Amino acid sequence: MELVTADDLRKSAYALMPYITSVVENPADQESILQSAIDSTVAELEEDLETRFETTVIRQTTPADGDVYDEIEAPFNYHSGSLRASRLPSFTLRRRPVLSIQRAVFQFNNVNRVMEVPESWWKVNHRLGTFTFIPLGLAEMMTQDTPFSHWALALFSSNLQSFDLPQFFAVDYTAGWYDPEGTELPREAAKLREGILHAARLHLCREAMGIVPSSSSAGGVSQSFTPIEKQIEVLEKEVQGFKDWWSKHYRPPRVVML
């Protein structure tokens with residue numbers, strides 16, 4: 001199921017279509033222009049909003065042969081002082097909302113793994129994409145003679161000197177706002193579709209600035225149109241309103257350390 005189609009954009013941008021078709025007469029080429037506007041718009045919005053609209057399987061651990069995934073991300077840096085009396089280790093996943101977590105691992109690389117974080121430790125805010133873990137039973141685990149027990153004190157003790165381990169904490173997860181293979185769209189689909197269409201129309205307006213007139217004259221009667229610059233200004237406000245709505249619902253609060 002597609003959230004936004006070229007036909008949806010054609011209807012939304014009906015005022016622009018006569019000018020586009022006057023330059024691009026081939027219907028297949030017109031369809032390509034509309035679809036390209038949608039694809040570019042979706043890609044830009046996903047990067048700006050830190051999301052994936054379609055269900056996307058993301059790996060931070062190195063995939064094995066035969067693994068099914070869509071994207072690879074770099075693991076997170078880990079700060080050894082993340083666990084304190086007033087704070088738990090917490091990470092904001094790079095794409096939201098989060099549908100599921102498959103794995104969370106402390107590792108230097110795919111061969112040298114220190115520990116897989118048990119699911120019983122996980123605390124996930126799926127909408128905001130925050131992943132926190134609560135190390136239950138840590139004292140008992142530290143007394144065992146395992147590879148992890150040798151690292152546990154350094155990783156979790158707040159009494160030792162803090163240090164950073166680059167790309168040491170890897171999370172494999174699935175993000176996305178809707179399943180394109182499904183038969184139903186989420187409740188807020190209309191809001192998302194509207195935002196994408198506004199942004200796609202804005203894309204088309206910018207592309208069509210050289211072909212849309214500001215006025216016309218025929219048979220002694222003149223007619224003025226809303227300048228395309230004004231249309232762009234209005235659409236920019238609509239798109240920003242959509243981004244503000246998205247950030248309110250799907251982005252965790254920005255924390256600034258002073």
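Throughout, read-outs are computed from the coordinates displayed, never taken from laboratory work. All values reported here derive from a predicted model rather than from experimental measurement. Positions of Cβ are generated from backbone atoms using ideal geometry, with glycine treated the same way; all protein chains shown enter the neighbour counts.
A Förster radius of 41 Å combined with the Cβ-Cβ distance from R103 to R193 puts the calculated FRET efficiency at roughly 0.80. As a proxy for reagent exposure, ranking I211, I228 by other Cβ atoms within 10 Å from fewest up yields I211, I228. A crude spin-label estimate for the pair S40 and S90, with each label 7 Å from Cα along the Cβ direction, gives 3.9 nm. The R10 and E181 beta-carbon pair, evaluated with R₀ = 22 Å, returns a calculated FRET efficiency of approximately 0.30. Using 0.36 nm per residue and subtracting the Cα-Cα separation, the extra length available between D67 and E233 on full extension is 55.2 nm.
Ordering W177, W122 from the fewest to the most neighbouring beta carbons within 10 Å gives W122, W177. In angstrom, the C-alpha Rg and Dmax of the stretch 12-141 are 21.7, 75. Here K11 is the anchor, and the lysines within straight C-alpha reach of less than 30 Å, apart from those fewer than 8 places off in the same chain, are K191, K230, K237, K243, K248.
Compared with the direct C-alpha span, the chain from W122 to K243 gains 40.6 nm at full extension, assuming 0.36 nm per residue.
Distance from the Cα centre of the stretch 31-55 to that of the stretch 93-126, in angstrom? Here the answer is 27 Å between Cα centres.
Using 1/(1 + (r/R0)^6) with R0 = 30 angstrom and r between the beta carbons of E207 and A74, what's the FRET efficiency to the nearest 0.05? For E207 and A74, the calculated efficiency is 0.30. 3J(HN,Hα) couplings calculated from phi for the stretch 37-49 with the Karplus curve 6.51 cos²θ - 1.76 cosθ + 1.60 (θ = phi - 60°) are, in sequence order, 5, 5, 4, 5, 5, 4, 4, 5, 5, 4, 5, 5, 8 Hz; Gly and Pro show x.
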